[in-house]
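The values are calculated or read from the model by the stated rules, or taken from the named source; none is laboratory data. Predicted, not measured: the structure shown is a model, and the values here were computed from it. FYI the Cβ positions are ideal-geometry reconstructions off the backbone, even for glycines, and counts take in every protein chain you see.
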Amino acid sequence: MRDKRSLILHLAVLAALLAALPLLSAYHVTNVAKIMVLAVYAMGYNIAFGYTGLLSLGHAMFFAAGLYAAGMGISLFGLSAVGALVLGPVAGGLAATLVGLLALRTAGVAFMIVTLMFAQAGYLTILYFVRYTRGDEGIVIARATRAIGSVDLSADTPRYLLAFGIFALALLLNLALVRSPFGRIMVAMRENEARSRMLGYNPYTVKLTALAVSGVYAGAAGAAYAVLFGYVGASLASVQYSILPLLYVLLGGAGTVLGPFLGALLMFYLIDYASSATSAYLFIVGAALILLVLFAPKGILGTLRERHARWLP
């Protein structure tokens, strides 16, 4: 019954997003497409942090791996848009696996610092190889190459629909993952690593697998961002892009499947409207986060699950 109820909820959210397309203005179509892409990124972060307990500040490296694999693949090597969308998650998963092999030898704050160092190294590498990456200036991907067959992905409706398709696939796979035996092992590892070890599970292997899956999601989001919005730049690999998914997850609810999407949606529009009203928009964002910590420390959906809807995954 719980599984059926949660599946209906997630399908209803997807149906609402699809039904909203003809009702939205061009401005909001672009915004919601971007939110769905960023929500996929936040879902990946949530797998590592919300479900496995890995507080990482290095996810910008995995996002950038997918972003640059797609962007440079198209601009320098003539890769198709479909090829770029496939290469992105592979690059993100590979980057996360390589980082995890070393970073997971640490734990807690040390893990957070090590992942941050890897992300900064990746950012500086992008700036160093400016001849290929174009550094802060970035790579603008030609509109003609951002197409699948005759479908122009730079147009509002195709871009929205592809972003929706990637988001829907990521969401349903995420729901299946957290309901699977491995998903329960991730949660057990988060709650009590020592007891999980006593039950025969290898924490290093479980965490490395979770981090790799998280990297696949981040890389997929990076590739989608490059293909759908036509820009690849060093700013998207900065530490800000390691903090953003953390904020999305904390706001929406860590350890909930829909939390990353809700957090990305609310945070995106909070920043959008606050920045249009005042130059001190970060003060408003900070105040919102303080209120969140005070009144909903487990995030919106996390608090709702704790108090009213125990069936939420």
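Which ones in segment 26-83 are buried (at least 21 other Cβ atoms within 10 Å of the Cβ) and among the hydroxyl-bearing types (Ser, Thr, Tyr)?
Residues satisfying the conditions are Tyr41, Tyr45, Tyr51, Thr52, Ser56, Tyr68.
What pairs come up if the first residue lies in segment 65-77 and is more than 11 Å from Gly88 (Cα to Cα), the second is in a helix (DSSP H, G or I) and of a type in the set (A, V, I, L, M, F, W, C), and their beta carbons are under 8 Å apart, counting only those six or more places apart or on different chains?
Within 8 Å, the pairs are Ile74/Ala81; Ile74/Ala84; Ile74/Ala226; Ile74/Val227.
Only one of these conditions is not met by Trp311: (1) at pLDDT 85 or above; (2) surrounded by fewer than 19 Cβ atoms within 10 Å (Cβ to Cβ); (3) in contact with a helix residue (DSSP H, G or I) (Cβ under 6 Å, 6 or more places away or on another chain). Which number is it?
Every condition holds for Trp311 apart from (1).
Any idea which of Ala16, Ala64, Ala110, Ala96 is under 21 Å from Met186 (Cβ atoms), at pLDDT 95 or above and not aromatic (Phe, Trp, Tyr)? Before you say what the answer is, go through the steps one by one.
Details: Ala16 fails: under 21 Å from Met186 (Cβ atoms); Ala64 fails: under 21 Å from Met186 (Cβ atoms); Ala110 fails: at pLDDT 95 or above.
Of Ala16, Ala64, Ala110, Ala96, the one residue that is under 21 Å from Met186 (Cβ atoms), at pLDDT 95 or above and not aromatic (Phe, Trp, Tyr) is Ala96.
Restricting attention to segment 196-216, does a residue exist that is within 11 Å of Ala39 (Cα to Cα) and in contact with a helix residue (DSSP H, G or I) (Cβ under 6 Å, 6 or more places away or on another chain)?
Initially, segment 196-216 is screened for residues within 11 Å of Ala39 (Cα to Cα), giving none.
No, segment 196-216 has no match at all.
Would you kindly identify the helices (runs of 4 or more DSSP H) lying entirely within segment 135-230 that contain at least 1 residues that are over 25 Å from Pro245 (Cα atoms)?
Numbers: elements: 156-179, 181-191, 193-198, 203-229.
It comes to 156-179, 181-191, 193-198.
Tyr51 fails exactly one of the following numbered conditions: (1) farther than 22 Å from Ser238 by Cα; (2) assigned to a helix (DSSP H, G or I); (3) under 16 Å from the mean Cα position of the chain (by Cα). What is the number of that condition?
(2)
What are the residues in segment 157-181 that are over 18 Å from the mean Cα position of the chain (by Cα), surrounded by 14 or more Cβ atoms within 10 Å (Cβ to Cβ) and farther than 30 Å from Ala26 by Cα, if any?
Hit for segment 157-181 is Arg179, nothing else.
Scanning segment 118-141 for residues that are out of contact with any Gly (no Cβ under 8 Å at 6 or more places or on another chain) and surrounded by fewer than 16 Cβ atoms within 10 Å (Cβ to Cβ), which turns out nearest to Tyr204 (Cα to Cα)?
By that ranking, first place goes to Ala121.
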